[in-house]
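Okay, so here's the structure we're looking at.
The values are calculated or read from the model by the stated rules, or taken from the named source; none is laboratory data. Fair warning: this is a prediction, and the values are worked out from it, not measured in the lab. Note that each Cβ is placed from the backbone with ideal geometry, even for glycine, and that neighbours are counted across all protein chains shown. When the accessible area is computed, the model is the full protein with side chains, heavy atoms only, and any ligands, DNA or RNA have been set aside. Shrake-Rupley method; radii C 1.70, N 1.55, O 1.52, S 1.80 Å.
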Amino acid sequence: MSLSELRVFGRSGTPISPLTLGTMNFGEGAGGAPGAPTGAEESIRIIQSALDSGITAIDTADVYSQGESEQVVGRALRGRRDDVFLATKFHGQMSPNPAHAGNSRRWITQAVEGSLRRLQTDRIDLYQAHRPDYNTDVLETITTLNDLIRQGKILYYGTSVFTPAQLVEAQWLATTNHLIPPLGNQVPYSMLVRANERDVFPIAQQYGLGVLAYGPLAGGWLSGSFVLDSGKPPTRVHSLPGRYDISGPSSERKLHAADALARLADKLELSLVDLAVGFALAHPAISSVIIGPRSEDHLAAYLRAAEVRLGESVLDAIDDVVPPGTNFVERDAGAIVPSLEFAELRRR
């Protein structure tokens, strides 16, 4: 695989690079502290280095650093906007006011203006619902997004971590109401997070959806820190215990799988990042893999990984460690549907 081997984003006919630069870590805040955003000037250098290296797609969201990520992207793209497939998202709460969130017509029409202003652009290539909104009718959301296309403010729209049923419903509602249907879906996908292989990817291929896959390193589990007998706990265990607590049985199985994959990478004389990114790029449903570097060194490692092409025997060996369709932890799906998360909805 090479960054010069562009892929078509769904049924749009639009070519994009196999890697998309994700900007969740970018913001005006000073970088350095664990979990802090990468500072603005370094973020701009990373963005420009990514573009110079052949990456043609950037993904951000209004909620990342409460708009600061979009501002940084807007600054970095001055003079280069027309060369980039620019994606952003709405849904997350953007102020103390709870009405400044969600997928309603009222909020989307405000949110898009804020994103356009921060990104310093007159249109967004791909505008995505960051999460499902169980309080808003899907038809209201897609009608609003259809109107934004007609107004020229967005070119395409998509979703993120929608369930298979929601993906099909959105396509059906758009078609039966003579609206432009969603074009893409953004989902987590890695060697440790594979549940979307069961139904989301086949649905995407059936309807011609472009798929942006995020989290190829599984939130750090495939960074090389999560290995057995390392002599020290993984760096994120204490900061995010809900996701990185390795004491539960599901996470223990995940830890053993991460260790086995690290050993497989060593055997193949690849870095674990090489193996992880190569795996995500190998699935035919994937349009582009979102990477989230915090530094230029991180970016360089991702760029090297993009050159890796895994053969069938290697993919089979990965399947032996983590069977297709496997998620170890429900939260790894990106969101938990309310009927599973809240006991009162399961038992009413």
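Output the DSSP H helices from the chain with an along-axis C-alpha extent of no less than 24 Å and a mean Kyte-Doolittle hydropathy no less than -1.0. Don't skip to the answer; put the middle values down first.
Working: long enough: 249-267 (27 Å, -0.70).
Passing helices, by number: 249-267.
Ratio of the chain's C-alpha Rg to 2.2 N^0.38 Å, to two decimals? Walk me through the numbers before you get to the answer.
On the way: Rg = 19.6 Å, N = 348, 2.2 N^0.38 = 20.3 Å.
After normalising by residue count via 2.2 N^0.38 Å, the value is 0.96.
With +1 on the Cβ of every Lys and Arg and -1 on the Cβ of every Asp and Glu, and nothing else charged, how large is the dipole of the stretch 70-228 about its Cα centre, in debye rounded to the nearest 20? Numbers along the way, then the final one.
Details: 15 positive and 13 negative charges, 97 e Å.
Once rounded to the nearest 20, the dipole reads 460 debye.
Where nothing but the Cβ of Lys and Arg (+1) and of Asp and Glu (-1) is charged, how large is the charge dipole of the chain around its Cα centre, in debye to the nearest 20?
640
Taking a probe of 1.4 Å, how large is the accessible area per residue of the chain, in Å²? All intermediate terms of the calculation are to be shown ahead of the outcome.
Details: 15310 Å² over 348 residues.
Roughly 44 Å² per residue, with all protein chains present.
Hey, how many Å between the Cα centroid of the stretch 71-117 and the Cα centroid of the stretch 145-205?
18
Calculated from DSSP H runs of 4 or more alone, at -39500 (n - 2.57) each and per residue, what is the 222 nm mean residue ellipticity of the chain, nearest 500? Each step should come with its number before you reach the end.
Values: 13 runs with 133 residues, N = 348.
The helix-only estimate for the chain comes to -11500 deg cm²/dmol at 222 nm.
If you put +1 on each Lys and Arg Cβ and -1 on each Asp and Glu Cβ, how big is the dipole of the stretch 11-163 around its Cα centre, in Debye rounded to 20? Don't jump to the answer; show the numbers that get you there.
Numbers: 15 positive and 17 negative charges, 49 e Å.
Rounded to the nearest 20 debye, it is 240 debye.
Hey, if you put +1 on the Cβ of every Lys and Arg and -1 on every Asp and Glu Cβ in the chain, which of Ser339, Trp221, Asn327 ends up farthest toward the positive end of that dipole?
About the Cα centre, the residue reaching furthest to the positive side is Ser339.
Could you tell me which of Phe201, Leu281, Leu126 has its Cα farthest along the dipole of the chain towards the positive end, charges placed at Cβ (Lys, Arg +1; Asp, Glu -1), taken about the Cα centre?
Leu126
Please tell me the relative contact order of the chain in percent, rounded to the nearest whole number, where contacts are Cα pairs under 8 Å and at least six residues apart. Could the numbers behind the result be given before it?
On the way: 637 pairs, mean separation 63.2, N = 348.
So the answer I get is 18 percent.
Count of lysine pairs in the chain with Cα atoms under 26 Å apart, counting only pairs 8 or more residues apart in sequence or on different chains?
4
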